[in-house]
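Here's the structure, in structure tokens; my notes come after.
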Amino acid sequence: MNTQDFEPPFQFVGSRVLKLTQTNNFLYLTDKELNRKVNVEYEIKNISRKENDLFGLLHLIIDVELKERGKSKNQYKCHLVIEGCFVCNEDIGEDKFYKMIEINGCASLFSIARAFLISISSQSVLEGKITLPLLNVVNMVNKRKEDLENQDKISH
């Protein structure tokens, strides 16, 4: 099948790593008992129009922390900020484009970040790697909206 028949107007333009910091004192990341903590946030930095196209910039911020259970002080921490650019060549309106960046943009960038972290973590230890879990982006976006609404209620 020709993929052009199935391409939506919303497209990924490209991505770049804006920030990466990691600390590690593991030698091996094998089948050890690990406490894992992964936090994912996102921020739509900009939406702009150029002629008939809408462009959007999205930042995905991922923090990973692994600690060995027990008395060991072994830990791995990583802070990654990845930026993605997206375009829509149909006039769908900024509100719908914003929603598409939230869902489709976060999903796209998270899969890129997963591959990136597998690569850098496998080069940071003698054996093993860090594989982020799959992410239900729809639930993440809905939870964020719910949290923001609750914050608004508390502040009023």
(message) So N24 ticks every box in (1) of a type in the set (S, T, N, Q); (2) loosely packed, with under 12 Cβ neighbours inside 10 Å; (3) in contact (Cβ under 8 Å) with a residue 40 or more places away in the chain but one. Which box is left unticked?
(response) (2)
(message) Tally up the residues in segment 109-139 that are within 14 Å of E41 (Cα to Cα) and over 11 Å from the mean Cα position of the chain (by Cα), please.
(response) 3
(message) On the basis of being within 30 Å of P9 (Cβ to Cβ) and surrounded by fewer than 14 Cβ atoms within 10 Å (Cβ to Cβ), does R49 make the cut?
(response) yes
(request) Check off (1) in a helix (DSSP H, G or I); (2) out of contact with any Cys (no Cβ under 8 Å at 6 or more places or on another chain); (3) under 28 Å from T23 (Cα atoms) for S121 and give me the number that stays unchecked. (result) (2)
(request) Could you check E43 against (1) within 18 Å of S108 (Cβ to Cβ); (2) of a type in the set (D, E, K, R); (3) touching a residue at least 24 places away in the same chain (Cβ under 8 Å) and say which number it fails? (result) (3)
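Out of all the residues in segment 1-57, which are of a type in the set (V, I, T) and farther than 23 Å from A115 by Cβ?
Once the filter is applied, which keeps residues that are of a type in the set (V, I, T) and farther than 23 Å from A115 by Cβ, segment 1-57 yields only I47.
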(message) So, in segment 128-154, exactly how many residues are in a loop (DSSP other than H, G, I, E, B), in contact with a strand residue (DSSP E or B) (Cβ under 9 Å, 6 or more places away or on another chain) and surrounded by 10 or more Cβ atoms within 10 Å (Cβ to Cβ)?
(response) 4
(request) Kindly provide the set of residues from segment 129-156 that are of a type outside the set (A, V, I, L, M, F, W, C), touching a helix residue (DSSP H, G or I) at 6+ places or on another chain (Cβ under 7 Å) and in contact (Cβ under 8 Å) with a residue 60 or more places away in the chain, ordered by number. (result) K129
(message) I'd like to check something: does segment 25-39 contain any residue that is under 13 Å from the mean Cα position of the chain (by Cα) and modelled with pLDDT of 85 or more?
(response) yes
(message) Of everything in segment 83-115, what is in a helix (DSSP H, G or I) and polar (S, T, N, Q)? Give them in sequence order.
(response) N104, S108, S111
(message) Please go through segment 27-46 and give me each residue that is surrounded by fewer than 14 Cβ atoms within 10 Å (Cβ to Cβ) and over 30 Å from L126 (Cβ atoms), ordered by number.
(response) E41, E43, K45, N46
(request) Exactly one condition in (1) touching a Phe, Trp or Tyr at 6+ places or on another chain (Cβ under 6 Å); (2) crowded, with 16+ Cβ neighbours inside 10 Å; (3) farther than 17 Å from P8 by Cα is not met by S121; state its number. (result) (1)
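The values are calculated or read from the model by the stated rules, or taken from the named source; none is laboratory data. No experiment lies behind these values; they were computed from the predicted model shown. FYI the Cβ positions are ideal-geometry reconstructions off the backbone, even for glycines, and counts take in every protein chain you see.
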